[in-house]
Structure formats: structure tokens, C-alpha cells
1. Which whole-number percentage describes the relative contact order of the chain, with Cα contacts under 8 Å and a sequence gap of 6 or more?
2. Using modelled backbone amide H atoms (1.01 Å from N, in-plane), which distant-in-sequence or interchain residues come within less than 5 Å of Leu179's amide H?
3. Apply the membrane-span-like helix rule to the chain: whole DSSP H runs, Cα extent along the own long axis of at least 30 Å, mean Kyte-Doolittle hydropathy at least 1.6. List the helices found.
4. With a Förster radius of 22 Å, plug the Cβ-Cβ distance of Ala152 and Asp203 into 1/(1 + (r/R0)^6) and report the FRET value to the nearest 0.05.
5. Determine the per residue accessible area of region 1-152 with all protein chains present and a 1.4 angstrom probe, expressed in square angstrom.
6. For Gly242, list long-range residues whose amide hydrogen, built 1.01 Å from N in the peptide plane, is under 5 Å from its own amide hydrogen.
7. Antiparallel DSSP bridges in the chain: what percent, to the nearest 5?
8. In deg cm²/dmol and to the nearest 500, what is the mean residue ellipticity at 222 nm of the chain if only DSSP H runs of at least 4 residues count, each as -39500 (n - 2.57), divided by the residue total?
Amino acid sequence: MNSFAHDLSVRLDRLRGEGLWRELRRVDSSQGPRIRIEGREFLNFSSNDYLGLANHPALLEAATKAVRDFGAGAGASRLICGSLAPYHELEATLAAFKGTAAALTFSSGYAAAVGTITALLEKDDIIIVDRLVHACCVDAAKLSGAKLRVFAHNDLNDLEKILRWASQQPIVDRKRRILIVTESVFSMDGDLAPLRELVELKDRHGAWLMLDEAHATGVFGTGRRGVAEALQLSARVEIQMGTLGKAVGASGGYVAGSRALIDLLINRARSFIFSTAPVPAAAAAARAGLKLISSVEGAERCRHLWTLIAALSAGFARAGWPAKQAVSPILPLIVGDEGAAVQLALALRERQAFVPAIRYPTVARGEARLRVTVSAAHSAHDLEQLITQLAELRSSYLFTPAS
Ligand SMILES: *Cc1c(COP(=O)(O)O)cnc(C)c1O
């Protein structure tokens, strides 16, 4: 009885009423510490381009050259029309960077997660995810048909309880696959997984670990390869995944691991098999990004980034926002109420600062927040501006951050 138009309008009204309305904002500049919207310039604290590589001349040059040499589009899936050289060069660089035997790239991190989890797991298998893992891993877990269990965020006791339950499940066809999925740096909270303990635990229970390093690649470890590198655990993580669209400065997703893992994905990952390969320029830019991350300049950018993270974290405290000490370039200011978070983002926008309000379903209801991200492309002065504005808003408005 519901007409299509009526149904949509009821649902959209509900979203507006709940403070959950979202809309696209057109940006007329490239991503950087400053962006232009509707003719006005804003300080940008919303991007995941943590090292400021998205606009780096080396990446632009690599992408331009790939367009000249390989064209604008890929033509088909890599298994259908042949696999262009830039993907192979990127995957060799990625495997060397991550210290694995092999790597495979996808059109996005989302596609990497969906393709990998559904390729690895079947109906009677078990997948255990942290409550705060990214939507792509949750969607993949559901799509795989495996039994899905969720452990409380970073709670090793809860995880162990589930692992004990899992080890008592009947063995089907002489196999019992148990896959744990977590992130090294959580995308909306900026906190870290207890990776060392997690690796011990999964080994003890014969489970496998898939580690999403989307926000850690380029930022953690002496080689800036991620948290697994920083803790010297890479060799003990079965599946390392991430994106090329954040600190790497380009676009695409990856999985790094054994040759057998990559061969299985090439044969079974549906988001890889049944999707046109990304534009070759994206692969070339990503490879240039990885090389830059490994260079002396990459080390300097990363060092600058960490100086800024410490400064911003201290600045939030000075401005009267009770945020936790930052341990990554993601610094959430928890507001709680959805409407209040949106208002705060708007108030900052009036002061020329662009900071996204993150709401349900990206985070739980009642846990709305401003998600501030910092980049090596920012200056200390940029941060001071944001800190001053937050201090003003804290005193002049009724923004009482949830503690
Ligand atoms: C961004 C993100 C992804 C998805 O990567 P895309 O390349 O943007 O599709 C996956 N996992 C986490 C934790 C992310 O933050």
C-alpha cells in the first residue's frame, strides 16, 4: 500500500527528526589543510590524509604518467582483460613494505574486507569481531554466512570467553575455522587494540587474525608500516589489510600475507573477480605514496605529525574539553547528543573550521562526536586556531562534553 515516494519521505523525515540527516557538501579544491566550500576557505580537520600525501607532487606525477602510459580506465576485471603493470608494481612494493610474501589490491578497503572475509569463511565457520570494527568488516561477516560473534571493545576477557565457546563447537568436515577481526587503530575513537595480547590469545586458541591497519599504515612503526610492525608482530598476523586511501594518499584497498592467501583471494574474492580494476593512475599514485612513506621525507612528515598530535591533545585539555590523551591522529571530542554534535560542527564552520560530526550509524546512538583528524600538512598555527575556537565555544555555548 505504501507508495515509493511516500515511503521515502517518511523515512527521510524520521532521519531529520532524529538529528541524523546527512548531506554532501561540494568542495571546490583538492584535499589539504585548507579546503574551499561555496567560495569560502576552511581549515580542514576531517581528512584521513595523515601525511599530507594526497597532493604531493610525487604522487601527482606518478598518476599523470600512468594515465599517459596506461590510459584513464582499466577496461575490465584483472582476470578478464589482463592485469596492467601498475597493479603488479604496486603489489610488489606493498609486499616488500609489509614484509609479507605477497599482496593483492582491491578497488577500496571496503572491497578488500568484503572479498577477503567471504573468500575465507563459509557457513559453519566462526567470525569474532570487536564491537567497534569498521562497517566493511561487519558487512563482510554477515555476507559470509559464518557464525558472527561480537566481543566488547578491546576486551580480551570477553574475547577469550567467546574463543572457549568456539572451541567447543562441533567440527564439521574435519575443519573448524575461527577468524578474529579487529583494527589496530579504531577509526572513530582513535584508540589502539591490545595487539600483543590479542596475538597470544588467538595463537593459544588456534584462531586466525585479520588486522585492519587502515589508520595505522604510514603512521606507526619505525618503517611506518603499521602497529603490527611497531610491535614486531607482522609475521604472526595471518591477514593484514588496509586502505591506500588514507595516509598512503591515493585510493584502493589491500591485503598482505602469504602467497597461498593471495592465490586464494585471486580465485575466490568476489569483489576482486567481479569488479573492474581501479584506474591504473590510482595504483601508480599509491605506489609513489608507499615509496614516500619509506623515505627520509616520510620519516620527517611522520615525526611532524606526531608533534602536532601531542600539541592538539594538550590544546584540547587547555580549551576545557576532557578528551583522552591522543594515541593516534584521530582525536574524537565526544558530545553525546546527535543534535548537539551537529550544532557544534556548524558553530566551528562559522569560524572557518571544517570538522565532521559523527553520528549513528557510524557510532552508537548517544555517542555522537566531533572527529578531529590531524595531518602532517597542518601547521602548529592551524591547530592553535582550532584550539582557540573550541575554547570559545566551550565557554560561550552550552556544550558540555560527555565525560
Ligand atoms: C576507511 C576504512 C576502511 C575502508 O577503506 P576504503 O579504502 O575507504 O574503502 C576499512 N577499514 C577501516 C578501519 C577504515 O577506516
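The values are calculated or read from the model by the stated rules, or taken from the named source; none is laboratory data. Given the structure is predicted, the values throughout are model-derived calculations rather than measurements. For neighbour counting, all protein chains shown are included, and Cβ atoms are generated from backbone atoms with ideal geometry for every residue, glycine included. Protein only, heavy atoms only, side chains kept; ligands, DNA and RNA dropped before computing areas. Shrake-Rupley method; radii C 1.70, N 1.55, O 1.52, S 1.80 Å.
1. Numbers: 796 pairs, mean separation 90.6, N = 403.
That works out to 22 percent.
2. The list, which skips near neighbours in sequence, is Ile126, Ile127, Ile128, Trp208.
3. Working: long enough: 296-318 (33 Å, 0.33).
Result, helices passing both filters: zero.
4. Result of the calculation: an efficiency of 0.55.
5. Roughly 52 Å² per residue, with all protein chains present.
6. Residues meeting the amide H criterion: Glu213, Tyr254.
7. Close to 55 percent.
8. Estimated from H runs of four or more residues: -13500 deg cm²/dmol.
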